[in-house]
């Protein structure tokens, strides 16, 4: 008798968990994330009105849509806003995207920017040491 009660309680818990998951997903939009695809190339255009940008690289010219979940960073360190992306046209980048068939939705954009350094040429006077 105890064994039947345990099985029945386990079944009820399983059915309740599945129902909660199913009902919870009804309010969420149906999205197909597709597989993650990596593309590398140089940013050649940014359309802030359409929330998209285009890169040109070994795989050809590719356009990516940007969402509020897209992360854009400088070499994995400093995050930047999509509105600032036009400043980086001509910069190499790596894009991880969800390929959903007709469009590619950018998940992460890493801008491959080298840090700026001040270099004083040999024989020149260092401006920081001037009187």
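Regarding residue 100, is this residue at pLDDT below 90 and closer than 18 Å to residue 66 by Cβ? Judged against the criteria, residue 100 is a match.
When the range 78-118 is filtered for residues that are surrounded by fewer than 18 Cβ atoms within 10 Å (Cβ to Cβ) and in contact (Cβ under 8 Å) with a residue 60 or more places away in the chain, the ones remaining, listed by number, are 96, 99, 100, 101. When the strands (runs of 3 or more DSSP E) confined to the range 36-113 are screened for residues that are more than 10 Å from the chain's Cα centre (by Cα), those reaching at least 3 such residues are found at 36-47, 52-57, 60-74, 92-99.
The values are calculated or read from the model by the stated rules, or taken from the named source; none is laboratory data. This one's a predicted model, so the numbers in the text were calculated from it and none came from an experiment. Ideal geometry is used to build each Cβ from the backbone, glycine not excepted, and the neighbour counts take in all protein chains shown.
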